[in-house]
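Everything on this sheet refers to the single structure shown next.
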Amino acid sequence: MAMWFLSLHLLISIAMLASCSELDRFPDKLSIVERTGSISLACKAPASTEVTWKLDGESFPPGRELTLENVDQPDAGNYTCWQNGTMVNHTYLVISEKDQSPIFSNTIRCRDRTFNGNIICSWQTRSAAVFKLTYYRRIPDSSCRYLDYSNSGTNHIYNFTVDNYSPYAEEYSPYIFVVEAINSASYQKQQVVLHVENIVIPDPPQNITVTQVGNNTWNVSWLYPCTWIEPYSYFPLHFEMEYKLKKAYGKSVTRVQIDGLSKLIEPSPAAKVRRVRIKAKDRFLSSPWSEWSEWIYSKRKKKGKKTKIKSLHPSRRHH
């Protein structure tokens, strides 16, 4: 029976430590120290009685200031200071590793599908983490906007709209998007500088049709993506088409760039257009291309039906 109670007590203690170490939200008070560095934690409490610091229930020698040296991952966690049995302050300590990436597995990528200031950012983490997201404008007296986000997975996408954006105004100052991430022990921060005109990546063109209109002529037509801003005359797109031909001696691939919404393809007499795909980009900016559209296969020209005339038996022609 005594062994059973001892085992139960051990399991409860392990569960309590685990629950103290796990994070389900970004801490409101955070202390960051580089690995192998040192840090002093000060407890702001009335000077009347003794103060004790604790880490996950384990007490340190009494003192208002707790100094940690040669800090490593086991030192991370939720530090609380107590006075007369009451918690009066706390901070969560995490480790930052210089020139290493303990949390993020890639850099943050951002895009705007058109000129509307609605920015989509994505990133990946090696394991689950909690985040603090902010953005601000690089101008004097710019306030920092905090963004609400939570995701327990490793693939992350966040969509936000910047304040007071106008597609017709000159963009003199960039936006700064910041992602702070922590897990139970580590801290990492990434930020990207965003000029909307440099991250505008349209969706692929839509309603693509490939129709044979002559013995050796194909017409390809398409439309702007429905997500692109209007008027198109003020925000024109440039297109690149890739088409594959089937020839008597094999296949070939050709790419052409176009500003309009249609293109006639007239290959050599021995070739036929098999399939086409198209991508788009802003006509005047050096921003990236969209993804390719899906391959669209050509439609054959409809042939007119010929009326068959039955010839009569010679013996019936004169009846």
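The values are calculated or read from the model by the stated rules, or taken from the named source; none is laboratory data. It should be emphasised that the depicted structure is a prediction, and the values quoted were computed from it without experimental measurement. So basically every Cβ, Gly included, is an ideal-geometry build from the backbone, and we count neighbours across all protein chains shown. Note: accessible area is taken over every heavy atom of the protein model, side chains too, but ligands, DNA and RNA are not part of it. Shrake-Rupley method; radii C 1.70, N 1.55, O 1.52, S 1.80 Å.
Starting from the amide H of Asn89, placed 1.01 Å from N in the peptide plane, find each other amide H under 5 Å away whose residue is 5 or more places distant or on another chain.
Cys81
Whenever you get a sec, compute what percent of the accessible area on the chain sits on carbon and sulfur atoms (1.4 Å probe).
Values: 10170 of 20050 Å².
So the carbon and sulfur contribution to the accessible surface is 51 percent.
At a Förster distance of 25 Å, what's the computed FRET efficiency of Arg283 paired with Ile176, Cβ-Cβ distance as r, to 0.05?
It comes to 0.35.
On full extension of the chain, what length is gained from Thr134 through Ser166, given 0.36 nm per residue of separation minus the C-alpha to C-alpha distance?
9.5 nm
Tally Lys/Arg at +1 and Asp/Glu at -1 over every other residue whose Cβ is under 11 Å from the Cβ of Ala42; what's the total?
Result for the neighbourhood of Ala42: +1.
Take Asp141, Asp282 and sort them by solvent-accessible surface of the protein heavy atoms, 1.4 Å probe, largest at the top.
My answer, sorted largest first, is Asp141, Asp282.
Would you mind checking the tilt of helix 2-21 against the longest principal axis of the Cα atoms of the chain, expressed as 0 to 90 degrees and rounded to 10?
60
Starting from the Cα gyration tensor of the chain, multiply each eigenvalue by 5, take the square root, and state the resulting semi-axes largest first in whole Å.
Equivalent ellipsoid of the chain: 67, 27, 16 Å, largest first.
Report relative contact order for the chain in percent, whole number only (criteria: Cα-Cα under 8 Å, sequence separation at least 6).
Relative contact order for the chain comes out at 13 percent.
Using only the heavy atoms of the protein chains and a 1.4 Å probe, how would Cys144, Cys226 rank by accessible area, largest first?
So the residues, ranked largest to smallest area, are Cys226, Cys144.
As a check on your grasp of the helix formula, calculate [θ] at 222 nm for the chain: sum -39500 (n - 2.57) over DSSP H runs of n ≥ 4, divide by the residue count, round to the nearest 500. Walk me through the intermediate numbers first.
Details: 2 runs with 24 residues, N = 319.
Mean residue ellipticity, 222 nm, calculated: -2500 deg cm²/dmol.
What residues qualify as long-range amide H neighbours of Trp295, i.e. H under 5 Å apart, gap of 5 or more or another chain, H built at 1.01 Å from N?
Result for Trp295 returns nothing.
Using each residue's phi in the stretch 259-267, evaluate 6.51 cos²θ - 1.76 cosθ + 1.60 at θ = phi - 60° and report the 3J(HN,Hα) Karplus result to the nearest Hz, with x for Gly and Pro.
In residue order, the calculated couplings are 9, x, 10, 7, 7, 8, 10, 10, x Hz.
Tell me the trypsin sites (Lys or Arg not before Pro) within the stretch 114-176 that lie in a loop according to DSSP and have at most 16 other beta-carbon atoms within 10 Å.
Those that pass, being in a loop and sparsely packed, are Arg126, Arg138.
Might you work out the accessible area of Glu58 for me, using a 1.4 Å probe with all protein chains in place, and round it to the nearest 10 Å²?
Its heavy atoms expose roughly 130 Å² to the probe.
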